[in-house]
Amino acid sequence: MVSTREVSVDDARTVTQMVGALLTELGARHVQAELDARLVADLLVKERIHGFLGFVEERAVGIIMVAESISLFARGSYGIITELYVVPDHRSSGVAMSLIEAAVALGTEKGWGQLEVGAPRQPVWSRSPNSALYLKAGFAEIGPRLKLPLHQVTSSPAKPPTPSRLERRRRDVLRRHTPDTAVAGAGSPAPNLSW
């Protein structure tokens, strides 16, 4: 029998360990556990994330973490599943579905218009057992999601990021429209550079 309960600050270490296992499995384990436990506790206290642990008897065997976001397309607030992990020996036993149901109940209580989850790139997604799980839970495919990292979590010195094409265009426009000293004060209006 699977039971779930909401994650509390006292669960920060368990959350960190389970998310660490997920990231290791995905080949993306790149942050320190101590940093993660402090971050989890901080985000839970600030109510920036919510989560549920899944238990079989007294053993935590799964986790789902969700974050609240807001947008016009969702007509207000909505939830995003950021992590969902079940230990290998309890997969296909209803733990993940129980965790999704707990997230749905939280979203309903909070008045979210929808619940989203990111998916891996195609064709990995179409071959993933996760696609069947989410589709069975009632999710509909809405397309790929892209990301633009704004900062890197790394212990090595940061090198300046390569400017994006948009950033290079913005700089070119600024250079072209920067008044030169010969025409300063000539009364021409400043260009509208709002994006």
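You will find that of S93, S77, the residue that is at pLDDT 70 or above and assigned to a loop (DSSP other than H, G, I, E, B) is S93 and no other. Of all the listed residues (G94, G27, G20), the sole one being small (G, A, S) and touching a residue at least 24 places away in the same chain (Cβ under 8 Å) is G94. Of the residues making up the stretch 86-99, those that are farther than 17 Å from A21 by Cβ, of a type outside the set (G, A, S) and touching a strand residue (DSSP E or B) at 6+ places or on another chain (Cβ under 7 Å) number 0.
Look at the stretch 39-57: where a residue is closer than 17 Å to L115 by Cβ and free of Cβ contacts under 8 Å to residues at least 24 places away in the same chain and a partner is part of a strand (DSSP E or B) and hydrophobic (A, V, I, L, M, F, W, C), sitting 6+ places away or on another chain with Cβ atoms under 8 Å, you get R48/A67. Do we have A102 as closer than 26 Å to D36 by Cα, touching a Gly at 6+ places or on another chain (Cβ under 7 Å) and either modelled with pLDDT under 95 or not in a strand (DSSP E or B) (or both) here? The answer is no for A102. On the stretch given as the stretch 5-33, residues that are modelled with pLDDT under 90, over 20 Å from V95 (Cα atoms) and of a type in the set (D, E, K, R) total 1. Among the criteria (1) at pLDDT below 65; (2) not in a loop (DSSP other than H, G, I, E, B), the one S156 does not fulfil is (2).
The values are calculated or read from the model by the stated rules, or taken from the named source; none is laboratory data. Because the structure is predicted, anything quoted here is derived from the model rather than measured. We place every Cβ from the backbone using ideal geometry, glycine too, and count neighbours over all the protein chains shown.
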